[in-house]
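What follows is a single structure, written as structure tokens, with notes after it.
Nothing in this text is a laboratory measurement; each read-out follows from the coordinates by a stated rule. What you are looking at is a predicted structure, and each value in this text was computed from that prediction instead of being measured. Here the Cβ positions follow ideal geometry from the backbone for every residue, glycine too, while neighbour counts run over all protein chains shown.
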Amino acid sequence: MTRFQRYAIYVMPDGALARFGAGWLGWDALAGCATDHPVITGLPRPLDEITATPRKYGLHATIKPPFRLAETTSLAALMADVAALTDRLEPVILEGLALARLGGFLALIPDGESAALRDMAARAVTTLDRHRAPLTESELSRRRAARLTPAQESMLLQWGYPHVLDEFRFHITLTGRLPRPEAEAVAGILTPHLAPLLTRPFAIDSFCLMGEDEGGMFHLVHRYPLGSSARRSSTATSA
């Protein structure tokens, strides 16, 4: 199996939303290949520029942010722990997803209550942290350049990333940072394309272990159904 330079746990949509997202971003992380952008007119700048920042990750929401493997572990051990964790977690059903401007970029965020999702993400961050190598000084400096709050600094030092646990906010990134007028223009154009794809309710029923290659692009290593989803799949297969 290929050894990647970093690993992460993401929620990766599937089906029609995943197909649209792969084209929108220009990278299909599930298939591990570049894709052609759709022809969408009226955008304030080329789509390739709009999506340059999130492209390498694929259409995703971060659960456990990218990390290097600790010297005391292995990919096999990480995969075993992800499998054990996801077997214990139950799917989370959101009311839906909504397009929003978040910190200067556009993203899909939960529409309605998401406390169960926050708790699920926290369990993943803490349970799998033994596999994470400590941050280097350069990595710490890069994160601190964002002028972290004291709470975010604490999360960075303990868990390797500032936006976890109480600082976590589930989001599926669709663009890089855009000036407000451009973000509003892109949102207006994007909304009719997304509306038919945003099913209600929206189920989060699997985690994806992702690997970052030497070029910085993320690939699916393995998709793990959550709890009862895995058991239903196993029952259907054996029937």
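Can you give the net charge of the other residues whose Cβ lies under 12 Å from the Cβ of R200, counting K and R as +1 and D and E as -1? Its environment carries a net charge of -2. Each pair of Cα atoms in the range 24-155 enters the Kirkwood radius, and Stokes-Einstein at 25 °C and 0.890 mPa s then converts it into a translational diffusion coefficient of 137 µm²/s. For the range 94-175, the relative contact order is 36 percent, taking Cα pairs closer than 8 Å that sit 6 or more residues apart in sequence and dividing their mean separation by the residue count. Among F218, F202, the order by Cβ neighbours within 10 angstrom, fewest to most, reads F202, F218.
From the coordinates of this entry, Cα extents along the principal axes in Å is computed, and it appears in (1) 63, 43, 30; (2) 53, 51, 36; (3) 58, 46, 37 under the label (2). Report the calculated FRET efficiency for D213 and R169 (r = Cβ-Cβ distance, R0 = 22 Å), to the nearest 0.05. The computed FRET efficiency comes out at 0.20. Inter-label distance, R223 to L102: 2.1 nm, where each label sits 7 Å from its Cα along the C-beta direction.
Note: relative contact order over the range 1-142, using C-alpha pairs below 8 Å and six or more positions apart, is 24 percent. The stretch between R88 and Q5 holds 27.1 nm of extra length on full extension. This uses 0.36 nm per residue minus the Cα-Cα distance. Between the amide H of A133 and those of R68, L69, A70, distances stay under 5 Å, these residues lying 5 or more places away or on another chain, with hydrogens modeled in the peptide plane.
Spacing of the modelled spin labels on K56 and A16, each 7 Å from Cα toward Cβ, amounts to 3.3 nm.
Each label was represented as a point 7 Å from its Cα along the Cα-to-Cβ direction; for R200 and C33 these points are 3.6 nm apart.
Across the chain, the mean sequence separation of Cα contacts (distance under 8 Å, 6 or more residues apart), normalised by length, yields a relative contact order of 32 percent.
A Förster radius of 22 Å combined with the Cβ-Cβ distance from L157 to S74 puts the calculated FRET efficiency at roughly 0.30.
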